[in-house]
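Student: Just dropping this structure here.
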Amino acid sequence: MEQNDARTQYTHPHLPPPRAPFHLPTWATAPRPQAPPGIYRQHHTPYDPRTATENETPVGPLLLRAALNVAVGLFVYLEGVSLIQGLLTTLGLTNTSSFVVSLLVAAAVNVAVIILVLMVFGRMGRWGEVWRRWVAPVLSRTVTDVPPEPEAAPVVDVWAELRPAGEVVRRLESEPVGDVDYVRLHQAWRSVGADPAGRQEFAAQVGSRGAAACAHPSEQRDLPGGRAARHDLLVRQVRLGTAQDVPKNPATHRNAGFALDPALLGTSLLAVGPAGTGKTAVLARPVAEALCLQALAGAACAVVVGAADADLGPDDWYDVVIAPGDPSAPYGLDLYGAAPNPDEAAARLADALLPDELASRAESARTSMQQVVGPFRAAYGRYPGVRELRGLLAGDRDGWAELAEQLQKSGRRPEFEADLQQRERMHGRVDDPGALLADRLALLDRPALAAGFSGSPGAKPAFAMRALEHPLRVRVKLPERSHPEAARMLSRLLLGQFTQAAADRADRELFAGLVLDDATAAVDAQTIRGIQRLRGANAGVVLLLRTLSDLPEALRAPLFGAVGNRMAFPGIAPWDGRLFSEAWGTHLVRETAVTHTPDTSGGTMRRAGRLVRKALSGTTAQTESVTTRDVERHRWSPSDLAHALPSGHAVISLTSVTGEQVPPLLVDLRH
């Protein structure tokens, strides 16, 4: 069984795992061999093609074949030696008075026959494989009278990389240091680089605070309440399960631990499965936990979005908790994401407000929103609140007059004169998108939700998506029960803002990850294009869907093409399985076809015998013909995905940011 890096194995999905003593040198020096994407590297045994081929041979037939070849080889040896010696005697080659010569001839005959037997019957009986699999291990475990002295374990300096910081590093050797501390300190040291001032500040921090130096702004050094998954922060992996030993899985991954890391999440992941299959418990929560741990280590920022009752970790895991509709929530949401470009912010907000069935009016809606948001920001130096924006879109004459007056005072009215005039001309027309946007904004302009958005009276401190350059942990609790349509709009807005802000970051050193527990309403054409840009921005999203049928048909294939990792849970519909099957393609399979045909060979006597046999037994004599050929078959057929996946399992294909691909894997997510 694999060793856990810092905690014992998780035993229950709703209880924290029991603590285990953490030994830093053991964890830091654990073997982590290079492996294909998706393999949990800590204590992993690399795939050996020769050993794998040997182990594929069943034990019974192998030993039986070896024993039969031993018996036949012994018989051939005895008979061969007798035959050769008799032949030599007949030819008179052994009639010599020298005993030594006779002995040498007999020895040469025996050696020649033994070599011949070993070459022929040893190869047919696979004696070499039997020796490697059973005889050699037994001999290597033979206990001698004097056991060998154990070799002294090599002394490894786990702080060697930090030694240039000076003698202050010695303090770390005498303090308890966790895996988060270890990774965070090394991350901070690498970020300093060769800057002398930065090195001095790092040394001062370590000298004064020890293992707590360079801590996360929350001062947390681990997640409160323990961890629910197995993590290896040194290579930033979270272990989700075990790849099964089945022919459909690549040989390199069979029986190996399955894990995700930023190199895979950077191509984004789409998971589809009906409610109750454990998408949140076995995928969303562990990935959210991994991103939060990496944020504490100064290597990532996490945004986790889901319903208020979704099990995505306690609030103590997060630095910012946003819960529209909950008066006790300490933070609100910036509807514009603090975007520096008002046209960009307005377009994203307009896309989020429109439902799927009105997507055809998206362009005119964006223009109408920009005609209001841009002038307002120019006039007041801020973005409008929900009620202010709703009034301007709905045609509030007093609001327009006040806005025009404020623009006049700021000296910027000429720049936005055309926008304001166009907005006034469109107001009242049947095709005016402003009235539609105002009606949609009314769903957010509720007393219970108003304080949760920036710009509203009594608004809370607002989180803006532009803060992704910092190692923040953000949890957004959507009001799906009390305000379902508002929750749908907010999920669209958050996904759109994330793809936009992550791609526009100036500093992309931190991995930016978004986990969206229910992405049914969040996916549109704009966000799909945004997801494609995340691969080169050190960012990625994890999208969970109950069924692809909830998406417009025109978005399903583009969404599959935008993400690099696709995951199917048990119980998906056959029409959903068809998209997975087509995306995963086909491969060559060797098929054997057996054909039985009536036997018509032979002469009169043989035919008469077959007639008698048929009269007595009632069966017709047949000949058997065997045909073997390579044919193309789906890696996973829609029927297999819909009906053959066992509970607690999933099939997932992987693509890393470097382009490495792994065919679909059947993974047991319970171990």
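Student: Using a simple spin-label model with points 7 Å from Cα along the Cα→Cβ vector, what separation in nm is obtained for THR586 and GLU161?
Tutor: Spacing of the two 7 Å Cα→Cβ label points: 4.8 nm.
Student: Give the peptides 322-333, 259-270 in descending order of average Cβ contacts within 10 Å, highest first.
Tutor: 259-270, 322-333
Student: Could you tell me how far the Cα centroid of the stretch 160-201 sits from the Cα centroid of the stretch 203-270, in Å?
Tutor: 21
Student: Sticking with this one: Run the count for the chain, please: Lys pairs, Cα-Cα under 30 angstrom, 8 or more apart or on different chains.
Tutor: 4
Student: Okay, moving on. If you work out mean projected area of the Cα convex hull in nm² from the coordinates, which of (i) 52.3; (ii) 46.9; (iii) 36.5 do you get?
Tutor: Looking at mean projected area of the Cα convex hull in nm² for this model, the match is (i).
Student: Listed highest first by mean packing, meaning other Cβ atoms within 10 Å per residue, what order do 555-562, 172-179, 190-197 come in?
Tutor: 555-562, 172-179, 190-197
Student: What does a probe at SER625 reach in the stretch 586-617, counting residues whose amide N is under 14 Å from the point 7 Å along Cα→Cβ?
Tutor: 593-601
Student: Considering only the chain, what is the antiparallel percent among its DSSP beta bridges, to the nearest 5?
Tutor: Once the DSSP bridges in the chain are tallied, antiparallel ones form about 50 percent.
Student: Now for a different question. Within the accessible area of the stretch 544-671, what % is carbon and sulfur when the probe is 1.4 Å and the other protein chains stay in place?
Tutor: It is 53 percent, rounded to a whole number.
Student: Something else: Expressed in nm to one decimal, what extension gain is obtained for the pair SER360 and ARG32 from 0.36 nm per residue of sequence separation less their Cα-Cα distance?
Tutor: Between SER360 and ARG32, full extension yields an extra 112.9 nm.
Student: Here's another thing I want to ask about it. If you roll a 1.4 Å probe over the stretch 366-425 with all protein chains in place, what percent of the accessible area is carbon or sulfur?
Tutor: 42
Student: Relative contact order of the stretch 281-354, please, whole-number percent, based on alpha carbon pairs below 8 angstrom and at least 6 residues apart.
Tutor: It rounds to 18 percent for the stretch 281-354.
Student: Hey, with R₀ at 56 Å, roughly what FRET efficiency would ALA525 and TRP134 work out to, going by the Cβ-Cβ distance, to 0.05?
Tutor: Calculated value: 0.35.
Student: Given a Förster distance of 51 Å, report the FRET efficiency between ASP507 and ALA67 from their Cβ-Cβ distance, rounded to the nearest 0.05.
Tutor: 0.15
Student: Taking all protein chains as present, what is the carbon and sulfur share of the accessible area of the stretch 216-322, in % to the nearest whole number, probe 1.4 Å?
Tutor: The value for the stretch 216-322 is 53 percent carbon and sulfur by accessible area.
Student: Then there's this: Of the GluC sites (Glu not before Pro) in the stretch 476-579, which ones lie in a loop per DSSP and count no more than 16 other C-beta atoms within 10 Å?
Tutor: For GluC sites (Glu not before Pro) across the stretch 476-579 that sit outside H, G, I, E and B with at most 16 neighbouring Cβ atoms in 10 Å, the list reads GLU509.
Student: Run the numbers on the chain and let me know its relative contact order in percent, using alpha-carbon pairs under 8 Å that are six or more apart.
Tutor: Rounded, it is 16 percent for the chain.
Student: Ignoring everything except DSSP H segments at least 4 long, calculate the 222 nm mean residue ellipticity for the chain; use -39,500 (n - 2.57) per segment, divide by total residues, nearest 500.
Tutor: It lands at -12500 deg cm²/dmol.
Student: For the pair SER82 and LEU104, what calculated FRET efficiency results from E = 1/(1 + (r/R0)^6), where r is the Cβ-Cβ distance and R0 = 25 Å, to the nearest 0.05?
Tutor: It comes out at approximately 0.85.
Student: Using a 1.4 angstrom probe on the protein heavy atoms only, could you order MET124, MET567 from most to least accessible area?
Tutor: Sorted descending by solvent-accessible area, the residues read MET124, MET567.
Student: Just to confirm, what accessible area per residue do you get for the chain at 1.4 Å probe, in whole Å²?
Tutor: Value returned for the chain: 49 Å² of accessible area per residue.
Student: At 1.4 Å probe size, put TYR47, TYR383, TYR336 in order of accessible surface, largest to smallest.
Tutor: Output order, biggest surface exposure first: TYR47, TYR383, TYR336.
Student: Once both labels are modelled 7 Å past Cα along the beta-carbon direction, what's the ARG209-ALA401 spacing in nm?
Tutor: Spacing of the two 7 Å Cα→Cβ label points: 5.7 nm.
Student: Anything in the chain that counts as a DSSP H helix reaching 24 Å or more along its axis (C-alpha) with Kyte-Doolittle mean of at least 1.6? List them, would you?
Tutor: 99-125
Student: Could you work out how far apart the two model spin labels at THR89 and ARG606 are, taking each label as a point 7 Å from the Cα in the direction of the beta carbon, and quote it in nm?
Tutor: With each label placed 7 Å out from Cα toward Cβ, I get 4.6 nm.
The values are calculated or read from the model by the stated rules, or taken from the named source; none is laboratory data. Given the structure is predicted, the values throughout are model-derived calculations rather than measurements. Glycine gets a Cβ as well: all are built from the backbone with ideal geometry, and neighbour counts include every protein chain shown. To get the accessible areas, we keep the full protein, side chains included, count just its heavy atoms, and leave off ligands, DNA and RNA. Shrake-Rupley method; radii C 1.70, N 1.55, O 1.52, S 1.80 Å.
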